[in-house]
1. What would the Debye formula give as log10 I(q)/I(0) at q = 0.19, 0.26, 0.28, 0.29 Å⁻¹ for the alpha-carbon point model of region 286-326, no solvent?
2. What percent do you get for the relative contact order of the chain when only Cα pairs under 8 Å and 6+ apart count?
3. Over 10 Å intervals from 0, what percent of Cα-Cα pairs in region 1-77 sits in each interval?
4. FRET efficiency for Asn3 and Trp211, Cβ-Cβ distance as r, R0 = 45 Å, nearest 0.05?
5. With viscosity set to 0.890 mPa s at 25 °C, what whole-number translational diffusion coefficient in µm²/s follows for the chain from Stokes-Einstein and a Kirkwood radius over Cα pairs?
6. Which chymotrypsin sites (Phe, Trp or Tyr not before Pro) in region 32-139 sit in a loop by DSSP (not H, G, I, E or B) and have at most 10 other Cβ atoms within 10 Å of their own Cβ?
7. Once both labels are modelled 7 Å past Cα along the beta-carbon direction, what's the Thr289-Asp251 spacing in nm?
8. Trypsin sites (Lys or Arg not before Pro) within region 194-295: which are DSSP loop residues with at most 13 other Cβ atoms inside 10 Å?
Amino acid sequence: MSNMAEYALIFETGTGDDWVEKRKHAITDIRNWFKVLSPLSAVSNASIIAASIASQSALPPEIAAVGEENIQKYASSFVRSVDQGELQIKVLMMAAAIDLVSEPSDGSSWNTVDALAAAFWSALWFQSPLAQIKVEKIRQDLLQASRTRVRRVANAARERRTIPLIGTVNIDQNAANGAKVNHAFSRAVEPMVSAMRENAALDREELDFMWWLLSDRSEILDIPFAGMHDAVRAVVAGLDAAAKLRRLPADAHRNIVLRNIVDSESLSLIELIEKLGSNRNKLAENLRTVSNDAPAVFPLIAAIKMGVSDTPFANEKISASEWGARALLEGAIHHLQAGTVGGL
């Protein structure tokens, strides 16, 4: 959970107990605003907020207004200003996101909170540390909370459900004669059928993933992985694997994607795109449906599609394993968002 008393130290003056309590109330309301977003809007808003944090630029008016209005409910003197107000809104939004992604999962396969956590993990992961140590602390807290949630729900989502017995057939005597038995039987067997359906989907995911693994061949490029540069192999394998998943990737999927990767050379995003060569066009064609509304969440995919990148982190060199893990995460978010899970 967030610690507003600690985050208040970011601001130099006027942050006593009353100030902290009022901001806690605002954080609760901002958290509730996040909660009612659609998964698509959650990813888009996380991208915008994360990009604003990295660039230290102002939030768009429509998002800043959410923070401003919720703070002013409890602190009417609050004014959104360049020197302190903008930063305060960002801090409270990050604190609200930390609280939300730290909540227990409701067990659904792709929901707003999971989308928000995955998006913040992806976006904040691909950033340089901030020079302001106290602001960097809350950025790291949000990164850690988001990563922890994604890993937790990815593992929990693959636990097989216990198949319940058929329930008692309770016939509603007020229903039409022809519908009484049908409705009663449907209610009695639905929990069993639902559990069997979910377990079957997970079985199908494992089978598809294992067949892909045994082939040792990229389905997107239709060529063997053997002979590819490590970073290229890692990225292609990550994108291939993401297309097979029906849930967010777990550590086991990442480990499989990276099983033959040797981190002999670190590459920047620009260098990686050059290494992809003509394969980039095939990858870009496969990724053409990826939304352009969340570039901070999909920096790798955006660079593959465009052949260039203007993200500030594009010149930082990272290992082949990190590129593979990023491709897996970005690809999984895309397929879950687009509804194209479980196939290329």
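Bear in mind that the values in this text are calculations on the coordinates, not laboratory data. Note that this is a predicted model, so its numbers are computed, not measured. Cβ sites come from the backbone with ideal geometry, for glycine too, and all protein chains shown count toward neighbours.
1. With one equal scatterer per Cα and no solvent, log10 I(q)/I(0) is -0.58, -1.03, -1.14, -1.18.
2. Answer for the chain is 19 percent.
3. 17, 45, 35, 4
4. 0.45
5. Once the numbers are plugged in, D ends up at 112 µm²/s.
6. Values: sites: Trp33, Phe34, Tyr74, Phe78, Trp110, Phe120, Trp121, Trp125, Phe126; in loops: Tyr74, Phe78, Trp110, Phe126.
Filter output for region 32-139: empty list.
7. 3.2
8. Filter output for region 194-295: Arg259, Arg288.
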